[in-house]
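Written below as structure tokens is the structure these notes are about.
The values are calculated or read from the model by the stated rules, or taken from the named source; none is laboratory data. Remember, it's a predicted structure, so these values are computed and weren't measured experimentally. Quick reminder, even Gly has a Cβ in these numbers, built from the backbone with ideal geometry, and neighbours come from all protein chains shown. We work out accessible area using only protein heavy atoms, side chains counted, and drop any ligands, DNA or RNA first. Shrake-Rupley method; radii C 1.70, N 1.55, O 1.52, S 1.80 Å.
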Amino acid sequence: MPIKHAALKQIRKDRKRHARNHAIQSELKTLTKRLIQLLQGRKTEEARALIRVVAQKYDRAASARVIHANTAARYKSRLMRRVSRAAVRKT
């Protein structure tokens, strides 16, 4: 256990940051799974509405450096591609 007051404060800060980052990552996973389920259920209109929210969440996570910017771009690109393919299949 650290002795210095600053070290104890750093541990407290790290725990808060970890909890915040974990919550953001969990939300991203949940939204991504919900989007994929909509696409598998052929609900393209709902998926199109949700993709905007998901993309925004990925951008926010990248700007907060919870995930890397290129990782966010990659996930967004893959999800957008799935949504557009589902829309083409439906018509």
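Numbers at a glance
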item	result
Nitroxide proxy distance, nm - points 7 Å out along Cα→Cβ at Arg34 and Arg48	1.9 nm
Carbon and sulfur %, accessible surface of region 1-79 computed with the full protein complex present, 1.4 Å	51 percent
Electrostatic dipole magnitude of region 26-91 [Cβ: Lys, Arg +1; Asp, Glu -1; Cα centre; debye, to 20]	240 debye
Hits among lysines - C-alpha to C-alpha of Lys90 under 16 Å, sequence gap 8 or more where chains match	Lys43
Structure-based [θ]222 nm, the chain - -39500 (n - 2.57) summed over DSSP H runs of at least 4, per residue, nearest 500	-30500 deg cm²/dmol
The chain - Rg (one decimal) and Dmax (whole number), Cα, Å	17.8, 66
Per-pair calculated FRET efficiency, R0 = 35 Å: Ser26 and Ala6 via Cβ, rounded to 0.05	0.70
Helix axis angle, 44-63 relative to the chain longest principal axis, alpha carbon, degrees	30 degrees
Acute angle (nearest 10 degrees) that the helix 69-90 long axis makes with the longest principal axis of the chain, alpha-carbon atoms	20 degrees
Area accessible to solvent at Asp14, 1.4 Å probe radius, in Å²	80 Å²
